[in-house]
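Heads up: the structure comes next, in structure tokens.
The values are calculated or read from the model by the stated rules, or taken from the named source; none is laboratory data. Keep in mind that this is a model prediction, so the values were computed, not measured. Note: ideal-geometry Cβ built from the backbone for every residue, glycine included; neighbour counts use all protein chains shown. For the accessible areas, the whole protein counts, side chains as well, though only heavy atoms, and no ligand, DNA or RNA atoms are used. Shrake-Rupley method; radii C 1.70, N 1.55, O 1.52, S 1.80 Å.
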Amino acid sequence: MLGQVVVIDYGMGNLWSVRSALRYLGIEPVVSGDPAVVAGADALILPGVGSFRKAMQVLQARGLVEVLGEVVLGRKRKILGICLGMQLLAERGTEDGESPGLGFIPGTVERFTREELGPLKLPHIGFNQVSASPRSRLFRGIVSPADFYFVHSYRLLPTALPGEPSLCPYGIDFMAAYEHENIFATQFHPEKSQTNGLKLLNNFLAA
């Protein structure tokens, strides 16, 4: 049985859209940036919009970096990183200067290059198709490829993939979602992706 779901509030997330989507699924999450509340969670959602570097500075200042490491890597509680939240799970990011990330996913977050994009614009905004890994738990019951909503200029470049990547074409095939054991991440916004997004959130909660 699923226990307490905490949406992490660090001042840079699309909290209320995520909360509304969870409520629609019959889950009443706790929205909090209190390290003690985060430490007691059974499932965590880390949303985010904005700068990688600034977000990590805020998480560090609020005492959340150490707590997240203990809860996710130590206690193996599941976490879903959304958009910037996915990027923060990486080892490092280059936005606004290089800075360390949470280190849950091996890789670096870098901006799309003009060579990769060709005539395509940044930021990447709107619905685009994601081809799910055939072993994905997040995409269970979702016909692949499926449309999800994106808003981003940076993406996570993995250096090793112990888990399951799901890909999206935008100039190149970039990693749009990832899962390994208790760690889940989406570059897109499931809370803004209508039926597919709600199904994916429900799959995360059931995983």
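Restricted to the range 172-207, and to residues there that are among the charged types (D, E, K, R) and farther than 22 Å from residue 108 by Cβ, the residue that is farthest from the chain's Cα centre (by Cα) is 199.
Considering the range 178-190, and only residues there that are assigned to a strand (DSSP E or B) and of a type in the set (A, V, I, L, M, F, W, C), the residue that is farthest from residue 126 (Cα to Cα) turns out to be 183. Applying the set (1) of a type outside the set (A, V, I, L, M, F, W, C); (2) closer than 26 Å to residue 110 by Cβ; (3) touching a Lys or Arg at 6+ places or on another chain (Cβ under 6 Å) to residue 169 leaves exactly one unmet item: (3). Of all residues in the range 124-133, exactly one satisfies the criterion of being open to solvent by 50 Å² or more (accessible area, probe 1.4 Å) and under 24 Å from residue 182 (Cβ atoms), namely 131.
Could you tell me whether any residue of the range 110-120 is open to solvent by less than 80 Å² (accessible area, probe 1.4 Å) and free of Cβ contacts under 8 Å to residues at least 24 places away in the same chain? Yes, some residue in the range 110-120 is open to solvent by less than 80 Å² (accessible area, probe 1.4 Å) and free of Cβ contacts under 8 Å to residues at least 24 places away in the same chain. Is it the case, given these coordinates, that residue 161 is over 15 Å from residue 109 (Cα atoms) and hydrophobic (A, V, I, L, M, F, W, C)? So residue 161 does not fit the description; no. Scanning the range 109-139 for residues that are in contact with a Ser or Thr (Cβ under 9 Å, 6 or more places away or on another chain) and among the basic types (Lys, Arg) turns up just one, 111. Residues that are open to solvent by less than 50 Å² (accessible area, probe 1.4 Å) and in a strand (DSSP E or B) were ranked within the range 74-94; the one that is farthest from residue 178 (Cα to Cα) is 93. If you go through the range 85-108 and pick out every residue that is touching a Ser or Thr at 6+ places or on another chain (Cβ under 8 Å) and farther than 14 Å from residue 174 by Cβ, you end up with 7. Within the range 39-54, one or more residues are out of contact with any Cys (no Cβ under 8 Å at 6 or more places or on another chain), open to solvent by 10 Å² or more (accessible area, probe 1.4 Å), more than 26 Å from residue 166 (Cβ to Cβ) and among the hydrophobic types (A, V, I, L, M, F, W, C). Taken together, 17, 32 contain a single residue that is under 13 Å from residue 191 (Cβ atoms) and either open to solvent by 30 Å² or more (accessible area, probe 1.4 Å) or not hydrophobic (A, V, I, L, M, F, W, C) (or both), which is 17.
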